[in-house]
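Written below as structure tokens is the structure these notes are about.
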Amino acid sequence: MTMQRAVVIGGSIAGLCTARVLADYFDRVTVLDRDSYPAGPLDRAGVPQGRHVHALLARGRRDLERLFPGFEQRMLAAGAHEIDFGCDFATLRGASWAVREESGIRTLFASRTLLETIVRDLLRALPRVELIERTAVTGLIAEREGRARVRAVRLADGELPAELIVDATGRGSKAPDWLRTLGLEPPAETLVDSHSGYATRWYRAPEPARWPAEWWWKGIWVDPQEPEHMTAGVLFPVEGGRWIVTIAGIAGHYPPSDEAGFSAALGRLRSPIIAHAVQLAEPISPVYSNRAMANRFRHFERWPERLDGFLAVGDAVCAFNPVYGQGMTTAAGAATLLAETLDRVGPTSPALPRTFFRAQARFLGDAWSLATGADFRFPGTTGARPALIGVFNRYLDALFNAAADDADLRRLIGEVIHMLRRPTAFFAPSVLGLVARATLGRVLQPAAAEPVPALPAAWRGVDSPGATT
């Protein structure tokens, strides 16, 4: 049995995925957004980070296809690249270039604007869903008959009643203020900030004829290496024969936002590979900057207050440092959890908010531990440091070192990064044994340190030029 109306505040990925789930339980689902939606895959003011690189992990691809059948086909038809990161990316991590091999994990590389446009168009096709633009929500309206329950959202020209209201407004959520207005203390927050920043520029990829034959890669990933190199760089292929090139600075080493400084910073990465690549390409944008990269977790799962009929999802609950590419995938995953919760307790049950918030927090906790654990490696990271984070990171270092010579460990790491398996898989007895043996071998027979080549080795087994259109 469906109910009358649910309102989703915010039309970004988290809001769109949530609306898709709610359409199975409510007669009408209204998505409110203060922006106007562009006609096609274009930038919009409410998603300023849309100009930067976005990664859709393998689990996110899977969940979006389940929520929106036909999503993959539309993405590929619109020019998204299907990439095996292990085979198609030149990746410099740790002490060497990554082994080139098929990982079996295929992801879609495209602009954030294309992905959001396709998801939004698929949602629009549902008869129970309406998307209302240029409409700002200014607060919540609740009734108190014993326990507080929302009954409407407040708009500039009145109110819109609903049986369920979901905050999907992202990092800039006003929910804490709205809750205080209702006399409720907002949930506690955890903040971890590595003082990182992005700078991004878009390029027109060169024609294949200009691409050196030995450059087999379609994309590039260059990690930082403390303390000499405090910036990372990536080159992502996207639709329309374009590249997105991003420099990420850590620990207050913010990348420059001017064009000359950006080009110079590419040359100062651990490898000049990206600088060489863009010399063949045509810049088609200015340099865009972003420093809103802190991890923030609003702990609704242990919120002592009660507000029936109110949920929060996406960055309004848990925002990650975007360098780790978890946001869109966790948004889609949380929507699938919401569907499971609605099936179990029902759309108007007083138990819905608490049940969902706890399930969502358990799911987000894995991504949070990986993102903040990585950020706590950097000097100057602020936030409550877990007691065993140093041990955790040293073990991960040993795991990655062991994986350099073990294809099974490399596959496991890929599955965890793509959220196909939980990080607890890293601590299975068999994995602990492999890591211990590899670590002991390095202690007994230490290898001489070798300089890292400026470029990865040429690959003659696969004809896969990087300059694709």
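The values are calculated or read from the model by the stated rules, or taken from the named source; none is laboratory data. Every value quoted in this text rests on a predicted model; they were computed, and no experiment measured them. Here Cβ is always computed from backbone atoms with ideal geometry, including for glycine, and neighbour counts include all displayed protein chains. Protein only, heavy atoms only, side chains kept; ligands, DNA and RNA dropped before computing areas. Shrake-Rupley method; radii C 1.70, N 1.55, O 1.52, S 1.80 Å.
Kindly indicate which of A361, A367, A374, A384 is in contact with a strand residue (DSSP E or B) (Cβ under 9 Å, 6 or more places away or on another chain) and modelled with pLDDT under 95.
Details: A361 fails: modelled with pLDDT under 95; A367 fails: modelled with pLDDT under 95; A374 fails: in contact with a strand residue (DSSP E or B) (Cβ under 9 Å, 6 or more places away or on another chain).
Going through A361, A367, A374, A384 in turn, just one is in contact with a strand residue (DSSP E or B) (Cβ under 9 Å, 6 or more places away or on another chain) and modelled with pLDDT under 95: A384.
Under the condition of being of a type in the set (G, A, S) and outside any helix (DSSP H, G or I), which residue from region 322-347 is nearest to S111 (Cα to Cα)?
G325
Taking region 171-221 as the region of interest, how many residues are of a type in the set (D, E, K, R) and out of contact with any helix residue (DSSP H, G or I) (no Cβ under 9 Å at 6 or more places or on another chain)?
Residues that pass the stated criteria total 7.
Residue under question is W221, and the condition is that it be in contact with a Ser or Thr (Cβ under 9 Å, 6 or more places away or on another chain), under 30 Å from A80 (Cα atoms) and either of a type in the set (A, V, I, L, M, F, W, C) or surrounded by fewer than 18 Cβ atoms within 10 Å (Cβ to Cβ) (or both); does it hold?
Values: in contact with a Ser or Thr (Cβ under 9 Å, 6 or more places away or on another chain): yes; under 30 Å from A80 (Cα atoms): yes; either of a type in the set (A, V, I, L, M, F, W, C) or surrounded by fewer than 18 Cβ atoms within 10 Å (Cβ to Cβ) (or both): yes.
Here the answer is yes, as W221 does meet what is asked.
Working only within region 285-294, note down all residues that are closer than 27 Å to L179 by Cβ and either buried (at least 18 other Cβ atoms within 10 Å of the Cβ) or over 19 Å from the mean Cα position of the chain (by Cα) (or both).
M293, A294
Give all pairs with beta carbons closer than 8 Å in which a residue from region 186-202 that is more than 15 Å from P224 (Cα to Cα) and open to solvent by 10 Å² or more (accessible area, probe 1.4 Å) meets a residue that is part of a loop (DSSP other than H, G, I, E, B) and polar (S, T, N, Q); count only pairs at least 6 apart in sequence or on separate chains.
D193/T381; R201/S285; W202/S285
With respect to the numbered conditions (1) open to solvent by less than 10 Å² (accessible area, probe 1.4 Å); (2) modelled with pLDDT under 95; (3) not β-branched (V, I, T), which one is the sole condition not fulfilled by C17?
(2)
Looking at (1) open to solvent by 10 Å² or more (accessible area, probe 1.4 Å); (2) in contact with a helix residue (DSSP H, G or I) (Cβ under 7 Å, 6 or more places away or on another chain); (3) of a type outside the set (S, T, Y), which is the only condition V166 fails?
(1)
Any residue in region 394-414 that is β-branched (V, I, T), modelled with pLDDT of 95 or more and within 18 Å of the chain's Cα centre (by Cα)?
Within region 394-414, one or more residues are β-branched (V, I, T), modelled with pLDDT of 95 or more and within 18 Å of the chain's Cα centre (by Cα).
Take A351 and tell me if it is open to solvent by 10 Å² or more (accessible area, probe 1.4 Å), at pLDDT 95 or above and closer than 16 Å to F310 by Cα.
So A351 passes the test.
Write out, first by first residue and then by second, each pair whose Cβ atoms fall under 8 Å of each other, whose residues are 6+ apart or on separate chains, and whose first residue, in region 71-89, is free of Cβ contacts under 8 Å to residues at least 24 places away in the same chain while the second is open to solvent by 20 Å² or more (accessible area, probe 1.4 Å) and of a type in the set (D, E).
Within 8 Å, the pairs are D84/E102.
Residue by residue through region 128-147, note down the ones that are in contact with a Leu (Cβ under 7 Å, 6 or more places away or on another chain) and either buried (at least 18 other Cβ atoms within 10 Å of the Cβ) or in a loop (DSSP other than H, G, I, E, B) (or both).
Of everything in region 128-147, those that are in contact with a Leu (Cβ under 7 Å, 6 or more places away or on another chain) and either buried (at least 18 other Cβ atoms within 10 Å of the Cβ) or in a loop (DSSP other than H, G, I, E, B) (or both) turn out to be V129, T135, V137, L140, A142.
Name, by its number, the condition in (1) closer than 30 Å to A148 by Cα; (2) part of a helix (DSSP H, G or I); (3) of a type outside the set (S, T, N, Q) that does not hold for P350.
(2)
Find the strands (runs of 3 or more DSSP E) located wholly in region 148-230 whose residues include 2 or more that are farther than 30 Å from Q360 by Cβ, and list them.
197-204, 219-222
In region 362-378, is there at least one residue being farther than 30 Å from G146 by Cα, surrounded by fewer than 24 Cβ atoms within 10 Å (Cβ to Cβ), basic (K, R) and in contact with an Asp or Glu (Cβ under 9 Å, 6 or more places away or on another chain)?
There is at least one residue in region 362-378 that is farther than 30 Å from G146 by Cα, surrounded by fewer than 24 Cβ atoms within 10 Å (Cβ to Cβ), basic (K, R) and in contact with an Asp or Glu (Cβ under 9 Å, 6 or more places away or on another chain).
Pairs needed: first member in region 295-317, open to solvent by 20 Å² or more (accessible area, probe 1.4 Å); second member anywhere, polar (S, T, N, Q) and part of a helix (DSSP H, G or I); C-beta distance under 8 Å; at least 6 residues apart or different chains.
Taking only residues 6 or more apart or on different chains, the pairs are E301/Q360.
With the condition kept exactly as written, say whether any residue in region 264-283 is touching a helix residue (DSSP H, G or I) at 6+ places or on another chain (Cβ under 8 Å) and among the β-branched types (V, I, T).
Within region 264-283 (the criterion being touching a helix residue (DSSP H, G or I) at 6+ places or on another chain (Cβ under 8 Å) and among the β-branched types (V, I, T)), the answer is yes, since at least one residue qualifies.
Taking A213, is it open to solvent by 50 Å² or more (accessible area, probe 1.4 Å), modelled with pLDDT under 95 and either at negative phi or among the hydrophobic types (A, V, I, L, M, F, W, C) (or both)?
So A213 passes the test.
Would you mention how many residues in region 224-255 are on the phi > 0 side of the Ramachandran plot and open to solvent by less than 20 Å² (accessible area, probe 1.4 Å)?
The qualifying residues number 1.
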